[in-house]
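*Asks:* Submitted below is the structure of interest, expressed as structure tokens.
The values are calculated or read from the model by the stated rules, or taken from the named source; none is laboratory data. Fair warning: this is a prediction, and the values are worked out from it, not measured in the lab. As a convention, Cβ positions derive from the backbone with ideal geometry for all residues, glycine included, and neighbour counts pool all protein chains shown. For accessibility, only protein heavy atoms count, side chains too; no ligands or nucleic acids. Shrake-Rupley method; radii C 1.70, N 1.55, O 1.52, S 1.80 Å.
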Amino acid sequence: QVQLVESGGGLVQVGGSLRLSCAASGSIFRINAMGWYRQAPGKQRELVAEITNGGSTNYAGSVKGRFTISRDNAKNTVYLQMNSLKPEDTAVYYCNYWAPTYDSWGQGTQVTVSS
């Protein structure tokens, strides 16, 4: 199993920045991807950004140019740098770990962007 511990959420004003971190521990598979999803009240969970262990990235169109995902493979940690935050970015952000036969979710961290 893989355990995920998230940190870095909080309250920020429009145009501000936040950095989320997610550390994975346990049985880390060599081939994997880590990413961030978010769920706003009344909406479905959606992909924000993901990154493979090889460094390939994928972003939702709504965050391209504002968010940057990165990872430190030695620490099994993924980061999400969020800049130019908007009220519509308000959501619970969940870290995800994916491997060919297993995936895991973090407990979620609240990000609130106030106008």
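*Asks:* Taking θ as phi - 60°, what are the ³J(HN,Hα) couplings along segment 65-70 by the Karplus curve (6.51, -1.76, 1.60), each to the nearest whole Hz, with x for Gly and Pro?
*Replies:* x, 10, 10, 9, 9, 8
*Asks:* About its Cα centre, how strong a charge dipole does the chain have in debye, to the nearest 20, once Lys and Arg get +1 and Asp and Glu get -1 at the Cβ?
*Replies:* Details: 10 positive and 7 negative charges, 27 e Å.
So the dipole magnitude of the chain works out to roughly 140 debye.
*Asks:* How high is the relative contact order of the chain, in percent, counting Cα pairs under 8 Å that sit 6 or more residues apart? Before the final figure, lay out the partial values.
*Replies:* Details: 282 pairs, mean separation 42.1, N = 115.
Relative contact order for the chain comes out at 37 percent.
*Asks:* Now a separate question. If I compute solvent accessible area with a 1.4 Å probe over the protein chains, what percent of it on segment 1-64 is carbon and sulfur? Let's see the in-between values first.
*Replies:* Working: 1740 of 3620 Å².
Roughly 48 percent of what the probe reaches on segment 1-64 is carbon or sulfur.
*Asks:* Checking the cross-link filter: which lysines have an alpha carbon closer than 26 Å to that of K86, excluding same-chain neighbours under 8 positions apart?
*Replies:* K43, K64
*Asks:* What number comes out for accessible area per residue over the chain if the probe is 1.4 Å? Units Å², please. Provide the component values of the computation, followed by the final result.
*Replies:* Numbers: 6040 Å² over 115 residues.
That works out to 53 Å² for each residue.
*Asks:* Here's a follow-up. In Å, what Kirkwood hydrodynamic radius results for the chain from the alpha-carbon pair distances? Walk me through the intermediate numbers first.
*Replies:* Details: mean 1/r = 0.0712 Å⁻¹.
Result for the chain, one decimal place: 14.0 Å.
*Asks:* Please list, in chain and number order, the residues 5+ apart from R71 or on another chain whose amide H is under 5 Å from its amide H, with Hs placed from the backbone.
*Replies:* Amide H neighbours of R71, under 5 Å, 5+ apart: Y79.
*Asks:* If you take the charge dipole of segment 42-114 about its Cα centre, with +1 on Lys and Arg Cβ and -1 on Asp and Glu Cβ, which of F67, T77, N96 is farthest toward its positive end?
*Replies:* Positive-most Cα among the choices belongs to F67.
*Asks:* Among S21, S56, S84, which one moves the most in a GNM of the chain with springs linking Cα atoms closer than 10 Å?
*Replies:* Per the Cα network of the chain with a 10 Å cutoff, S56 tops the list.
*Asks:* With a Förster radius of 30 Å, plug the Cβ-Cβ distance of Q81 and S25 into 1/(1 + (r/R0)^6) and report the FRET value to the nearest 0.05. Spell out each step's value before the answer.
*Replies:* On the way: r = 22 Å, r/R0 = 0.74.
So, using R0 = 30 Å, E works out to roughly 0.85.
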